[in-house]
Amino acid sequence: MTHDHHGPELLPTAAQTEAALNPPPGRNGGDLVVETLQSLGATTVFGLPGQHALGMFDALRRSDLRYVGLRVENNAGFAADAYGRVTGEAAPLLLSTGPGALTSLAALQEAAAASAPVLAISSQVPVAGLGGGRHGYLHELRDQKAAFRDVVKSVHTVRTASQIPSAIARAWQSALTAPHGPVWVEIPQDVLLAETPIPVVTGLDATPDEVFPRPELTAVAADLLSRAERPVIIAGGGVVRSDASGKLRALAEKLDAPVVTTFGGKGAFPWDHELSLQSWLEDRHTTDFLEDADVLLVVGSGLGELSSNYHTFRPRGRVVQIEADLGKLESNHPALGIHADARLALGALLETVRERGDTGAAERVRGVLDAVRERIAGQGLDLEQSLLTTIRAALPDSSPSFWDMTILAYWAWSAFDARRPNTMHSAQGAGGLGYGFPAALGAAAADPSRPVLAVSGDGGAMYSIAELATARQYDLNVTWLIVDDGGYGILREYMTDTFGEATGTELSRPDFVALAESFGVPATLATPDTLGATLTKSFGQPGPSVVVLPAVLRMFAPTHL
């Protein structure tokens, strides 16, 4: 038996019919882009204009979208990445063809590695130039989307104006289906500029697909965990992204299972909880403890290089892995692999595991943390630890922080208490320089009510100096801490340890305080003793500020070598 069903959502109102029959004049493909974004719920877009993309940018002035323009496409990508991370919404990124598009690639790689939902929309050469012919158009590439296919979740090429709403909606859905990630849409210049009679875009639905666990697998996992003698949980970034920290805590307490959070999962479990192993994943004491688990539950992590102590981790017990990214499932260790969103899978486990009583779990956790502290204490690294303590004391609990690839960030991965989920972010997914400051600008655009911290070294800071103009133009509430050690400090340390001396790591730098002030951004030169008061003052004042801390820091000794 078949039924013809026409839901009420398919029947236009009289006003909608009138608007469809008489769309406002002067609209073009660019208007379809911004109308589609608004219909999907976007409020803010990031980007940088270019000749082929002007149809999109001109349409912005006829829309209610807020535009935040950065000075370099890569930095615009980092800002969109952070906006997507902190809001959980798809962050539109508007780019031009060729060089403008390609300059965003490193940022999109980071978004892919960190599962940040970025909706990149680029212009393309005119339709006649698609297909690989060498027509000599400005910015022409033989196959632009091929440069992005290996980086993003999905690519979408538009050839006519009527394809714009559906292509963007499909890309939006892709970006927000777990695991989140960047997507790529490209639209030819002439399609963006051509006038269109297509009605104003309204009522689009691009609800992301839910990734449900298979119940027979969660039943097996629940039985394994209930009968385990030494269960342990590794919580990754998937727990944070799926807003599952509450379910994680409830499961850990029901099982009396210690929890270690990966660097991407910071804040997923309370730092000072009696079952918290914190984030000392690059320490052999933690690695040994994880290897000793008879059942190891890995949630929202692929157990990659950093999360496995540089692949020295060798689990001896049974591994249960919950992962929304099918490509990461059992990619490093054999496991009972459950392809699912972390929140849905943890919810299923909570309903089926039996409560365990293990009075010794908290004591074993204390033993590991005491051993870690003793190892670090013997290395004379008081300055590094005191700086993290100072920053933590000054930073409001609800404020997000964004850390570039610098020695203090490497310390923070292991030793910084994020206090809350989804408040500590870094570029540890792809590991590129220049992430911290532009990402912080994106977070400040998402929520101007709270101060945001960015942390960079002097080398990484030079990637982002131009964005001081962006911070000032939009009056974004970001405090940028620049730790100036005279070069690429972590590379200096790596090369000295490996080769006996460093090459190419020493840098001539500007006067960062004077440079910031030339942009109209207040700046302060701090010392370790004055840093706390300086940061507190900066966080308490609206708008951007820079704090420069001259300091040569060292890393704690590795245990994986």
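The values are calculated or read from the model by the stated rules, or taken from the named source; none is laboratory data. Treat the numbers as computed from the prediction; the structure is a model and nothing was measured. Here Cβ is always computed from backbone atoms with ideal geometry, including for glycine, and neighbour counts include all displayed protein chains. Quick note on the areas: whole protein, heavy atoms, side chains included, nothing else; ligands and nucleic acids left out. Shrake-Rupley method; radii C 1.70, N 1.55, O 1.52, S 1.80 Å.
Numbers at a glance
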item: Where A111 falls short, out of the listed (1) out of contact with any Pro (no Cβ under 9 Å at 6 or more places or on another chain); (2) of a type outside the set (S, T, Y); (3) part of a helix (DSSP H, G or I); result: (1)
item: Single residue of the stretch 131-155 satisfying the filter (within 19 Å of L193 (Cβ to Cβ) and free of Cβ contacts under 8 Å to residues at least 24 places away in the same chain) that is most open to solvent (accessible area, probe 1.4 Å); result: H135
item: Filter pass, D243 being open to solvent by 20 Å² or more (accessible area, probe 1.4 Å) and closer than 24 Å to D325 by Cβ; result: yes
item: Tally, over the stretch 93-114, of residues that are among the polar types (S, T, N, Q), in contact with a helix residue (DSSP H, G or I) (Cβ under 6 Å, 6 or more places away or on another chain) and over 17 Å from V68 (Cα atoms); result: 2
item: Test: residue in the stretch 427-447 that is touching a Pro at 6+ places or on another chain (Cβ under 9 Å) and on the phi > 0 side of the Ramachandran plot; result: no
item: Condition met for R284 (under 17 Å from P231 (Cα atoms) and more than 24 Å from the chain's Cα centre (by Cα)); result: no
item: Residues of the stretch 534-543 satisfying the condition of being in a helix (DSSP H, G or I) and touching a residue at least 40 places away in the same chain (Cβ under 8 Å); result: L535, T536, S538, F539
item: Yes/no for I465 being open to solvent by less than 10 Å² (accessible area, probe 1.4 Å) and among the aliphatic types (A, V, I, L, M); result: no
item: Members of the stretch 158-176 found to be open to solvent by 20 Å² or more (accessible area, probe 1.4 Å) and either part of a loop (DSSP other than H, G, I, E, B) or more than 29 Å from R241 (Cβ to Cβ) (or both), listed by number; result: R159, T160, A161, S162, Q163
item: Single unsatisfied condition, V200 versus (1) more than 26 Å from P25 (Cβ to Cβ); (2) in contact with a Pro (Cβ under 7 Å, 6 or more places away or on another chain); (3) β-branched (V, I, T); result: (1)
item: Among (1) modelled with pLDDT under 95; (2) open to solvent by less than 30 Å² (accessible area, probe 1.4 Å) - the single one A128 does not satisfy; result: (2)
item: Residue within the stretch 19-32 that is outside any helix (DSSP H, G or I), open to solvent by 30 Å² or more (accessible area, probe 1.4 Å) and either touching a helix residue (DSSP H, G or I) at 6+ places or on another chain (Cβ under 7 Å) or of a type in the set (S, T, N, Q) (or both) present; result: yes
item: Qualifying residue in the stretch 338-349 (condition: part of a strand (DSSP E or B) and touching a residue at least 40 places away in the same chain (Cβ under 8 Å)); result: yes
item: Residue selected from the stretch 205-240 under the condition part of a helix (DSSP H, G or I) and of a type in the set (V, I, T), by the criterion most open to solvent (accessible area, probe 1.4 Å); result: V220
item: Inter-residue pairs, beta-carbon under 8 Å, first in contact (Cβ under 8 Å) with a residue 12 or more places away in the chain and in a loop (DSSP other than H, G, I, E, B) and in the stretch 189-204, second open to solvent by 50 Å² or more (accessible area, probe 1.4 Å) and charged (D, E, K, R), 6+ apart; result: G203/E9
item: Evaluation of V552 against (1) touching a residue at least 60 places away in the same chain (Cβ under 8 Å); (2) in contact with an Asp or Glu (Cβ under 6 Å, 6 or more places away or on another chain); (3) aliphatic (A, V, I, L, M); (4) open to solvent by less than 50 Å² (accessible area, probe 1.4 Å) (one fails), failing number; result: (4)
item: Looking only at the stretch 95-108, and only at residues there that are within 15 Å of F78 (Cβ to Cβ) and not in a helix (DSSP H, G or I), the one that is most open to solvent (accessible area, probe 1.4 Å); result: T103
item: In the stretch 60-93, the residues that are in contact with a strand residue (DSSP E or B) (Cβ under 7 Å, 6 or more places away or on another chain) and in a helix (DSSP H, G or I); result: L60, E73, A76, G77, A79, A80, D81, A82, Y83, G84, R85
item: Whichever residue in the stretch 484-507 is of a type in the set (S, T, Y) and buried (at least 16 other Cβ atoms within 10 Å of the Cβ) and, among such residues, is modelled with the lowest pLDDT; result: Y488
item: Set P510, P528: member being open to solvent by less than 50 Å² (accessible area, probe 1.4 Å), of a type outside the set (A, V, I, L, M, F, W, C) and not in a helix (DSSP H, G or I); result: P510
item: Top-ranked residue of the stretch 319-343 - restricted to ones that are small (G, A, S) and more than 21 Å from the chain's Cα centre (by Cα), ranked as most open to solvent (accessible area, probe 1.4 Å); result: S331
